[in-house]
1. When residues of the range 301-329 are filtered for being in contact with a strand residue (DSSP E or B) (Cβ under 6 Å, 6 or more places away or on another chain) and assigned to a strand (DSSP E or B), how many remain?
2. Do you know which residues across the range 358-383 are out of contact with any strand residue (DSSP E or B) (no Cβ under 7 Å at 6 or more places or on another chain) and within 15 Å of residue 278 (Cβ to Cβ)?
3. Against the condition closer than 23 Å to residue 23 by Cα, touching a helix residue (DSSP H, G or I) at 6+ places or on another chain (Cβ under 9 Å) and either in a loop (DSSP other than H, G, I, E, B) or assigned by TED's automatic domain parsing to the domain that holds residue 58 (or both), how does residue 164 come out, does it pass?
4. Residues being farther than 12 Å from residue 139 by Cβ and within 24 Å of the chain's Cα centre (by Cα): count how many of those fall in the range 194-205.
5. Would you confirm, using the coordinates I've provided, whether residue 201 is surrounded by fewer than 18 Cβ atoms within 10 Å (Cβ to Cβ) and in a loop (DSSP other than H, G, I, E, B)?
6. Any chance you could count how many residues in the range 167-176 are in contact with a helix residue (DSSP H, G or I) (Cβ under 8 Å, 6 or more places away or on another chain) and not in a helix (DSSP H, G or I)?
7. Of all residues being out of contact with any helix residue (DSSP H, G or I) (no Cβ under 8 Å at 6 or more places or on another chain) and in a loop (DSSP other than H, G, I, E, B) in the range 210-250, which is surrounded by the most Cβ atoms within 10 Å (Cβ to Cβ)? Just the residue, please.
8. Mind listing whichever residues of the range 334-363 are surrounded by fewer than 17 Cβ atoms within 10 Å (Cβ to Cβ), touching a helix residue (DSSP H, G or I) at 6+ places or on another chain (Cβ under 6 Å) and under 19 Å from residue 297 (Cβ atoms)?
């Protein structure tokens, strides 16, 4: 007998981030639990036909997806606007945090953005578990603010102190946050203190302490991954220095490899997963914006040549996804304020696991990156294109 196919009312991407979590928390307030069990999409930012009645959130370039829209807002903002709650102060504060997290990549230790990212990177949790943990945290912080509760820094500091005593590795992030809690005047919007106090008010001290310890464990495990990534860099990563600029490349599934490599001075980080997917990231503060633009065009060109596809007459530096080379997505964060926007070149990610795997060998990616760094910012695209076409024609002729 065939199992009855499960019906979904909503859909979103894998690895729910804060934008997704906040969107579903707001939807849950209005429509209940039914909205919080979505279909998890494995693809990227392609257009989704929602004629089947499924509402995509943060995917599909539909009503509740900010990608592809000419606005500097998030999907959670679009949801709040539809629900008519943009004027509520607590919601406004939440949306400001989501915007900083999603569009600018800003998180503060143990705030809602940081906690959600730690949960998102945890490979032992299902997508649904990640979403539910995030929704609960959002609900607690909104409860804290709507009811004008008072912080209890010393109570949370005691919980953190007891938690760290049982751990072998010292998480500097947790320790520094704990030290800040010594001051009764210390405040951090939407942090674990607000979550703990709200949970205590609603469910009692025992359950609240359990919740805080669970969140601390996610942060701790994230810190352990960072230490492991540092070890991987020293033991097996490829490292190249060109004109005083460092490129670090490695095959690893460690979700903290990128920040760990930046602490080692890397300007460009090439991370290939065991699945074959690859992410290229940069030290945003130091990188010349022309370098990511150059690299994405070189990677897309190489992909076309390796797969013997026709080279389209388009700008291969184009942000986002281009249909001719679906393997490579170029993320360009919007310019908001004075903060330099980030750039990422992605062949698959935590939120898009079903992207076609790049056929470019890691050694070739490293060679291309080295050349781009060596000749940046005056890279001769025309000459490079001719040379690569000739090289691949020669390889084809030899075989």
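The values are calculated or read from the model by the stated rules, or taken from the named source; none is laboratory data. Computed from a prediction, not measured in an experiment: that's the story for all the values here. Reconstructed Cβ throughout: ideal geometry from the backbone, glycine too, with neighbour counts over all protein chains shown.
1. Selection size over the range 301-329: 4.
2. Passing the criteria: 359, 360, 361, 363, 364, 367, 368.
3. For residue 164, the condition - closer than 23 Å to residue 23 by Cα, touching a helix residue (DSSP H, G or I) at 6+ places or on another chain (Cβ under 9 Å) and either in a loop (DSSP other than H, G, I, E, B) or assigned by TED's automatic domain parsing to the domain that holds residue 58 (or both) - is not met.
4. Number of matching residues: 0.
5. Judged against the criteria, residue 201 is not a match.
6. 4
7. Among those that are out of contact with any helix residue (DSSP H, G or I) (no Cβ under 8 Å at 6 or more places or on another chain) and in a loop (DSSP other than H, G, I, E, B), it is 236.
8. 359 - this is the single residue of the range 334-363 that is surrounded by fewer than 17 Cβ atoms within 10 Å (Cβ to Cβ), touching a helix residue (DSSP H, G or I) at 6+ places or on another chain (Cβ under 6 Å) and under 19 Å from residue 297 (Cβ atoms).
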